[in-house]
1. Would you look at the GNM of the chain, springs on alpha carbons closer than 10 Å, and say which of Leu236, Leu23, Leu278 moves the most?
2. In the chain, with Lys and Arg counted as +1 and Asp and Glu as -1 at Cβ, which of these residues, Leu237, Phe68, Val79, has the Cα nearest the positive end of the dipole, that is, farthest along it?
3. Given the rule -39500 (n - 2.57) for each run of at least 4 DSSP H residues, summed and divided by the residues of the chain, what is its mean residue ellipticity at 222 nm, to the nearest 500 deg cm²/dmol?
4. Just to be sure I understand: if I project the alpha-carbon convex hull of region 171-323 onto a plane and average over all orientations, what area do I get in nm²?
5. Thinking of region 55-322 as a set of Cα atoms, what percent of all their pairs are more than 29 Å apart?
6. I'd like the distance separating the alpha-carbon centroids of region 268-307 and region 171-199, in whole Å.
7. Rounded to the nearest 10 Å², what accessible area does Glu206 have for a 1.4 Å probe in the complete protein model?
8. Within the chain, what is the longest stretch that has no chymotrypsin sites (Phe, Trp or Tyr not before Pro) placed in a DSSP loop and near at most 14 other beta-carbon atoms within 10 Å?
Amino acid sequence: MTVTTTEVTAPAPGRRMNILFSLTLIGLLLFLWILLGIWTVSFWTPLNISNLLRQGAMTAILALGQTFVIITAGIDLSVGAIVGFTSVILAWLIQAGVPLWLSIVLTLLMGVAIGVFHGFGIVRMGLPPFIITLATLTSLRGIGLLITNGSTINITNEGFTNFARADFFGVPSLFWMVILVAIPAYFFLHLSRWGRYLFAVGSNREAARLSGVNVNRMIYLAYILSATCAAFVGVLLASRIGIGNATQADGWELQAIASSVIGGTSLFGAIGSVQGPLIGAFILATINNGANLLNVNSFWQRIITGVLIIVIVYFDQLRRRRM
């Protein structure tokens, strides 16, 4: 009997567990906000909340892109470098007189091209995701520095640079960008057959292939989505800081992975959601924001993030052993 791709479905208990875990994360986030509101006098000020939402927004979009890859049991270490590199590309295009809308489109297409390159390296060349994306990380940093000659490129378009600092209906524009990305991502991952295929690939590639899923195509798609999200963040970062700088977003790939893992995405693949990594990103942003308000050494922020990752991955392993 021939098994068709329509038979690859996500189990209802898994969806219920995602919802329950997301509610737990929201409870944790609210607990942190209440705690910091008690410990500091400035946490609940409108200025600080706006800064917190802006800080978490770009990490949230990166984490969402990273989640598509991790669900397939892959990893993308290049997203931070893509952010810095695409900020340079965008600034260079604007400085060259290319219309703003076309500059943004070309920058996003650059992200698509990087994702295709990653897919080619994994599918056709047989390289591990860790190696191909690590190579891209170092290469894009170098190419960006060559383009700028180790300097930065100023962006003089005030309409563009004012966008990231603006508010719409009292909410920072960068947070609206998270919603803009999250809504179609939710429909794609949780309500479409393509999302089910991603989970199937992460669960068992050979079983997915025998079920009729085009595994190679799904791997290409996952890395294209990740790189495109990173390019979009590069556009937003360029708007926020007003320059193109290849060294920006250093270490953001680790923030993205941490946010995704804290949000319940399994590094072993096949488990993840859209809402989890978004909440995870704002949990990390809250920890960093609170640490700054409490004058905690920034090195401790890294330690806290590392400990969170270890604890969550450990419990994820325990959960898998009991399944």
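The values are calculated or read from the model by the stated rules, or taken from the named source; none is laboratory data. The shown structure was predicted, so the numbers you read here are calculated from the model rather than taken from an experiment. Note that we place each Cβ from the backbone using ideal geometry, even for glycine, and neighbour counts take in every protein chain shown. In case anyone asks, the SASA skips ligands and DNA or RNA and just uses the protein heavy atoms, side chains included. Shrake-Rupley method; radii C 1.70, N 1.55, O 1.52, S 1.80 Å.
1. Per the Cα network of the chain with a 10 Å cutoff, Leu23 tops the list.
2. So the residue we want is Phe68.
3. Details: 13 runs with 239 residues, N = 323.
The helix-only estimate for the chain comes to -25000 deg cm²/dmol at 222 nm.
4. Numbers: hull surface 43.9 nm².
That works out to 11.0 nm².
5. Numbers: 10848 of 35778 pairs.
Summing the P(r) tail past 29 Å for region 55-322 gives 30 percent.
6. 21 Å
7. Using a 1.4 Å probe on the heavy atoms, I get roughly 90 Å².
8. On the way: sites that count: Trp44, Phe169, Phe268.
The answer is 45-168.
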